[in-house]
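Where a number appears in this text, it was derived from the coordinates with a stated rule and is not lab data. Keep in mind that what you see is a predicted model, and the values were worked out from it rather than measured. Counting neighbours? That spans all protein chains shown, and the Cβs are built from the backbone with ideal geometry, glycine included.
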Amino acid sequence: MDINLSQCFIAVDDHDKALGFYRDILGLEVRKDVGYENMRWVTLGSPSQPDVNIVLEPPLADPSASAADRETLNELLAKGLLRGVIFTTDDVDAIFEKIRAAGGDVLQEPVDQHYGVRDCAFRDPAGNMIRFQQPSS
């Protein structure tokens, strides 16, 4: 039995700002842009991985959530305390320079980690931590 990743979700508070990062800086392609009532979901992905999608979604898309839950989640997002994603690349240093030159919010410059990868980290426009890694040589 095969099990494959299909989608992962990233909470964003401004889809247009998020597209400026994920589409315009990282080069991911927009696959869907869907609105419903006052919410919006944007699906992106790497052209080299057509079966893996990243969905940019509102911080809390559950209509049954309370106002207090929505406020709490928005506060966590603003503090950068929600999980992001880790991308792999064949050149961490090049992607680091590309994102930094575009004004990316640097959290960690490229470094060789003891667990066998070279990685760096940024915050996306919503505050999510986004990491890039490649196997150490």
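Overview of values
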{"read-out": "Angle between the chain longest axis and helix 92-101 axis [Cα atoms, degrees, rounded to 10]", "value": "60"}
{"read-out": "Antiparallel bridge percentage (DSSP; both residues within region 14-93; nearest 5)", "value": "100"}
{"read-out": "Degrees between helix 67-78 axis and first principal axis of the chain (Cα, 0 to 90, nearest 10)", "value": "20"}
{"read-out": "Interchain or long-range residues, amide H under 5 Å from Asp33's placed H", "value": "Thr43"}
{"read-out": "Ascending count of other beta-carbon atoms within 10 Å, so fewest first, for Thr43, Thr88", "value": "Thr88, Thr43"}
{"read-out": "Whole-Hz ³J(HN,Hα) from phi, Karplus 6.51 cos²θ - 1.76 cosθ + 1.60, for region 124-133, glycine and proline x", "value": "7, x, 8, x, 5, 7, 10, 10, 10, 9"}
{"read-out": "Antiparallel %, DSSP beta bridges [both residues in the chain], to 5", "value": "70"}
{"read-out": "CD proxy at 222 nm, helix term only [per DSSP H run n ≥ 4: -39500 (n - 2.57); per residue of the chain; nearest 500]", "value": "-5500 deg cm²/dmol"}
{"read-out": "Arg118 long-range amide H proximity, modeled H, under 5 Å", "value": "Gln113, Gln134, Ser136"}
{"read-out": "Charge context of Ala78, other residues only, Cβ under 12 angstrom, K/R +1, D/E -1", "value": "-2"}
{"read-out": "Relative contact order for the chain, counting Cα pairs under 8 Å that sit 6 or more residues apart, in percent", "value": "23"}
{"read-out": "Electrostatic dipole magnitude of the chain [Cβ: Lys, Arg +1; Asp, Glu -1; Cα centre; debye, to 20]", "value": "40"}
{"read-out": "Projected label distance in nm at Lys32 and Cys8, using a 7 Å step from Cα toward the beta-carbon", "value": "1.9"}
